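Accompanying notes for the structure given below.
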Amino acid sequence: MSTAAVDSRSPAEAGYFGPPERARFGWLHRPATSARVGVVIVPPFGYEAVCAARSLRHLADDAARAGLIALRFDPDGTGDSAGDDLDPARLEHWLDSIDDACALVRRAGAERIVLAGVRLGALLAATCAARRDDIAGVVAIAAVPTGKALLREGSALQLALGLAPPPPGAEMREREVVGFAISDETWEAIGALDMKASTRAPAPRMLLIDRDDRPPNDAWAAHLRALPVEVTQLRLPGYVDMTLDPHRTVVPTAIIEATVAFARSFASGGDAPAPMEPVLRKSMSIRRGAADVREEAVWLDPHLFAIAARPAAAPTRAVILLNAGAVGRIGPNRLYVELCRRFADEGALAIRCDLSGIGDSLPREGENENVVYHGRAIDDVAAAVRWAQAAGAREIVVAGLCSGAYHALRAALAGLPIDTIVVINPLTFHYVPGAPLDVAAFRITADAARYRKSVTSGASWRKLLRGEVKLSRIATVLWHSVRGRVVNTAKNVLRALHVPLRDDLGSELDTLARRGVAIRFVFADEDPGRAMLHDEGGPVVERLAARGKLAIRTIGGADHTFTPRWTHAALLDAVRGAASREQADVALPPEKPSQRHVRALDGLRGIAILLVLLHGFDMIRDTNGASRAVDLLFDLGWVGVQLFF
């Protein structure tokens, strides 16, 4: 039974296997006593693999606890393995990866092998098994038995995303499915796969676990039985929930239990002590141009797992990349892998790590897994910084997207020895545990921007007149937008008077600048974080930018996680430039004569400050029994904003 607690994980070994010049990365989960049955877990493709990673780790853990030798791995050109989406002969290399995985579990003591694949992984597992004669069983989870059908689903999903098209000159030749590329060669190779036309049985026994929200794979099951294959067919819940966005995934208990029970059924005789000799290499070498980059699997402390990319020469600078939400260390669209390898190629130590409880890292005591904003993130960053310093780095750069951006900022504010922070599309600057998401600052900012655009849209007005617009939401957004502007304006006033403030972004940015920390922001042009930075940071943002202490890069056409492939190059260049402390152009309004400080007006500004504060208190005061005069005084507080300026 899979549980949310991770301290019951089976012992697992991380490392590389397969040809040294083209190594694959994997995790080998070995039981204390083994049934001598190996389970090779073949992941789905692209974003599905990113989302399913947590559930596949639970599958491997549960398999090892049941006495099975389990291997989960990244096929060639995916995850932490060598290679790239656009390398030639993708399909053959993926199948070769499965062969290498089978050889590895045999070296670890398996006498019988079961392949368990999800979606494209199921199709690959069945295809690979049909080429061999030593596979005891195959588990096909949420399988689509033909490549053409799978590609049609991917194309439909890509269109449904409604991503911005590339500008002229930025068109991509390859196809893409949710941030991952598929070359024409690979597209054709996948499209040619058809397990319903296969004349060779993949294995003597197969378990088909169909989705409970789709029609079952009856035609494939009938074809398999005619080969003949002993087929068990189940419709179980869990696939949809296991492939939700990573921070929302739910481990599919029923699917895992059925898979483990099927694999365990191949055990014969009693369990015996399992051999524990290391069978994985701890590092691999990747050729990058004229130089080699070495990547190694490392534990930064007893909880934190990471991949460290090392340059050929001893590094003096380290770049630490933090998880984007609950996405594993490879980053959205595998962008962190390419970033790390580029940084290492340029002479830096590059570390892509899983924060505690995320990906392959263990939660710290008292914490649960898959929690994006938790109270030990600063401890995690501190451990990564110490590890980098011990490896010889004197300059430390910490970067992250979304929640990783937040943790990078918080770690620098906590006083860790960080020289540069690269903050990419943050959704909050002050996280409040348990706060409702519908009134979170990023949601209000994004909705307000959308409503402003809708004001000039005839279609939007027609929807309003037809009663198809939720007026209560508009009212909520308007209220919180006005309230936010008043609060931020009051903070700007108080900050100018050097009044200490809590949870004030402007003051925090000033603090970092005084410490000499280079502050670099990277935004998708319509991401709410950019507006939030200016709203909450106030005039401090422009002042620090003018002094070169803070820089902002904006990338047009991107979404929050830079899904469109044509935006990837711009993001990679922006992050590399930011990490090297390059300056970015920030549009600053020219100073007007009317903006100069006039000391004679300070008394009037003092009255304005009081009015602003009264207006802020008006939002939380109890109006029962208040006099009309007091009501009027509080209600007129908004005048203070205009009066001050």
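The values are calculated or read from the model by the stated rules, or taken from the named source; none is laboratory data. What you see is a predicted model; the values in this text were computed from it and never measured. In this analysis, Cβ positions are derived from the backbone assuming ideal geometry, glycine residues included, and neighbour counts consider all displayed protein chains. Each accessible area value is taken on the protein alone, full model and side chains, heavy atoms only, with ligands, DNA and RNA left out. Shrake-Rupley method; radii C 1.70, N 1.55, O 1.52, S 1.80 Å.
Listed values, structure above:
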| item | result |
| --- | --- |
| Solvent-accessible area per residue for the range 251-326 (1.4 angstrom probe, square angstrom) | 41 |
| Rough spin-label spacing in nm, given labels placed 7 Å along Cα→Cβ, for Arg581 and Ala414 | 2.4 |
| Solvent-accessible heavy-atom area per residue, rounded to whole Å², over the range 1-125 at 1.4 Å | 26 |
| Relative contact order [Cα under 8 Å, 6+ residues apart], the range 62-203, whole percent | 25 |
| Surface share of carbon and sulfur [accessible, 1.4 angstrom probe, percent] for the range 1-148 | 56 |
| With all protein chains modelled, accessible area of His534 [1.4 Å, Å²] | 70 |
| Per-residue SASA entry for Glu92, accessible area with 1.4 Å probe, Å² rounded to 10 | 90 |
| Rounded percent of accessible protein surface that carbon and sulfur make up, the range 492-591, 1.4 Å probe | 49 |
| Exposure ranking of Glu257, Glu369, Glu526 by accessible area [1.4 Å probe, largest first] | Glu526, Glu257, Glu369 |
| Per-residue ³J(HN,Hα) for the range 281-288, Karplus 6.51 cos²θ - 1.76 cosθ + 1.60, θ = phi - 60°, Hz, x for Gly and Pro | 7, 8, 8, 9, 10, 10, 7, 10 |
| Simple spin-label estimate for Ala313 and Ala103 in nanometres, 7 Å along Cα-Cβ | 3.7 |
| Solvent-accessible area, 1.4 Å probe, carbon plus sulfur percent, for the range 276-388 | 51 |
| Residues listed by number, the range 38-74, amide nitrogen under 13 Å from Gln158 label point at 7 Å toward C-beta | 46-47 |
| FRET efficiency, Lys148 to Thr476 (Cβ-Cβ, R0 51 Å, nearest 0.05) | 0.65 |
| Linear extension gain, Arg264 paired with Val487, 0.36 nm per residue minus alpha-carbon span | 74.2 nm |
| For Val39, distant residues with modelled amide H under 5 Å away | Ile69, Ala70, Leu71, Val114 |
